[in-house]
Each structure stands twice: as structure tokens, then as C-alpha cells.
1. Could you go through region 60-74 in sequence order and give the Karplus-derived ³J(HN,Hα) for each residue, using 6.51 cos²θ - 1.76 cosθ + 1.60 with θ = phi - 60°, rounded to whole Hz, and x for Gly and Pro?
2. Out of residues 5 or more away from V243 or on other chains, whose amide H comes under 5 Å of its own, with H placed 1.01 Å from N in the peptide plane?
3. With θ set to phi - 60° and the Karplus curve 6.51 cos²θ - 1.76 cosθ + 1.60, what are the ³J(HN,Hα) couplings of region 166-176 in order, to the nearest whole Hz, using x for Gly and Pro?
4. Could you work out the longest stretch of the chain that avoids the trypsin sites (Lys or Arg not before Pro) located in DSSP loops with at most 13 other Cβ atoms within 10 Å?
5. Return the long-range amide H neighbours of R47 (sequence gap of 5 or more, or a different chain), with a cut-off of under 5 Å between placed amide H atoms.
6. If you count, for each residue, the other Cβ atoms within 10 Å and average over each peptide, how do 73-80, 58-65 line up from highest to lowest?
7. With both bridge residues required to lie in region 145-326, what share of the DSSP beta bridges run antiparallel, to the nearest 5%?
8. If you count the DSSP beta bridges with both ends in the chain, what percent of them are antiparallel, to the nearest 5?
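Taken together, the values in this text are just the output of simple stated rules run on the coordinates, not laboratory data. These figures come from a predicted structure and were not determined experimentally. Neighbour counts run over all protein chains shown; Cβ positions are idealised from the backbone, glycine included.
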Amino acid sequence: MGTHNIDLFLANLAPNLRGLLFALSENVLESLEEIRLRKLRPLAICRRGKTYFVTPNGELSLEPTAGYLVSHGDLMVTVQLISKSSLYVFEEELKQGFLTLPGGYRVGVAGQFILSNRRIIGIKEISSLNFRLAREIIGCATPLLPRLVDTKGRPYSTLIVSPPQCGKTTLLRDLARQLSYGSPSLGLVRSQVVVVDERSEIAGVYDGVPQMDVGPCTDVLDACPKPEGILMAIRSLAPDVIVTDEVGTSEDVAALQEAVNAGVRVFSSVHAGSWQELEKRPSLQPLLTNETFTQAVLLSRRRGPGTIEGILRLTQLAMYNTEVAQGV
């Protein structure tokens, strides 16, 4: 993220907080992953997987007690800036627990929510904000692509298995872009892509326009629940490929299976630290065979975000599991 983008991003913070962060070195600013504001708690940032606290002098410390305490005024001014003083406009997004800023940056929101019939209808008191910096790394999927394409130039349906903050959304974003453009040198045909972007993270839509490059042949269903969005895409947008993030429920799984049965290739991700962890989630069991995905990519941040730990061919895994079950 360049200096100009940093300026635009930090403009969403209250002046006191903005000044402290601008005092940090350019190297620190360029490696920011998160900025965390908690009322009457120390101002914190996350970079390279580690949490630091920003002191009143604009320096970094590992000690929470050294951090600048975010005041009620700091938090409220920041809320006014990110909502342009019209919080009601963001009411629907707030029900999901986040706001989306220009550039595709997401702000997670915590506080006291208002319920009606056990459903969230609004937020009464905001107590903390988590600014997550979306990073667009053009070409990050290129090393993987030869392993993700069949002999006809079509992509295999692929599941990205990753713990949080390991680059899965960044990878999905670049996969959508490259699938949309196509790549003769990699033997990849151009695809009609639909991004079902429930959390507004992949394309980072703002005012109806994707802030990230997801390709020229890509349609985005922004802030749309995955099950409904996947089925809507199949019915009305004729995709070759559907890309979506963080599948988790049996409804998500059923919709992805419906897409595959309709001849659509699917790319998605799931939170898990390992394949063994994934196997312990009952709702996701159909994803562990070749019923939906042909293969899985395992990510970590062992050598930084986006470290590829392996690629599993789920057809082979399914055969192995069957043999074990039969005692072969």
C-alpha cells in the first residue's frame, strides 16, 4: 500500500489517532495489517502477525500499559468520519458487524447491539473498531495456477484452507482476477466469474464499484449471503466460475454443491489451522471428499502470509478414506 493510500486510509481516524500513526516509520505503515481502537484501552496495531501498542509519543511498544488510551471522543469522531456523520446509511452493514470504506477496507465493529426476536436490528453503543487493511497483490496466485487448471484450460474447483490472516482472501481475489482475464501462457481460458462477496472483502465494493481488480469478466454480488447469492448467480448470471469466501454452514455447502451439479467450477475458503481441524467440523464434511471440490490448497504464515503448505487432490483422499473404512 503506497503512501498516498496510507494518507487516504488514515484520514478515517480521529485527528489525535491520525497524528500518532503518522509519526510511525514508513516501514511500519507499509506493513500494517490492522489498527484496533478500543474505548479506554491502548491503541494497538497488528503487523507481520504481531500486536504492538502505540505510545503517546508515536512509538511502538509491546507493553499495553505504554499505549495511548483511546478516549470516548476519539472513538466517536472516528465513527463520524467513517460514516460521514450519517450512521443510519450504514445500518444494514452494521447488522453484519462491519463497515466498508473506499478502497475496500473493512472496519469491524463491536459494542452493544439492539435485538428484536433474537435478530440484530442495529447497534446502540460502539465500543471498539478494527480497521483491516485490504491488500491487493497482483499475481500472487500465478505460482498456483498451473496446478489448478485441467487439460482443457478450465480451473478445478478448489478449496482454500487457512487460519485467519494467512492471505486466503488476497489469494481468492487474485484468482478471480486471473480467471476473469484468462492466461494463454498458463493454458487458462477466460471465464465468466461471479464473486459472491458476503463480507465485502474480496472485491471491496464501494458505491457500486469494486475497489479491487477482480477482472473484466466478473460480476459481484456484494453483501449478499452466500446460499442465496450462489443460487442467484446460477439462475441469472451464467457463470463459469463462482468465487466466495469463508464457507461455514451446511447451507453454504449445499449451495456450493448445487453450483457444481450445474456445471459451475467453484473457488472458496474455509477457516481451519489444518486438514485435521477441518475434519472435526460436521457441517463441512461434504467438502472433504470429491463431491464439491477437486482439490484443496493449505495456507499458513510460516514464511509470511500466503505460505503454501500443500495441495491435496481430494479424489485421491476420498479413495484413501474409502479403503481405510473398508479395512483394505
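1. Along region 60-74, the couplings run 9, 9, 8, 9, x, 5, 8, x, 5, 7, 6, 7, 4, x, 4 Hz.
2. Those lying under 5 Å, H to H, from V243 are V194, V195, V196, F267.
3. In residue order, the calculated couplings are 10, x, 5, 5, 4, 5, 4, 4, 6, 5, 4 Hz.
4. Details: sites that count: R48, K84, R118, K152, K280, R303.
Maximal segment without exposed cleavage sites: 153-279.
5. Correct list: E33, Y52.
6. Working: 73-80: 17.5, 58-65: 12.2.
The densest-packed peptide leads the list: 73-80, 58-65.
7. Restricted to region 145-326, the bridges split so that about 30 percent are antiparallel.
8. On the way: 40 of 62 bridges.
Of those bridges, close to 65 percent are antiparallel.
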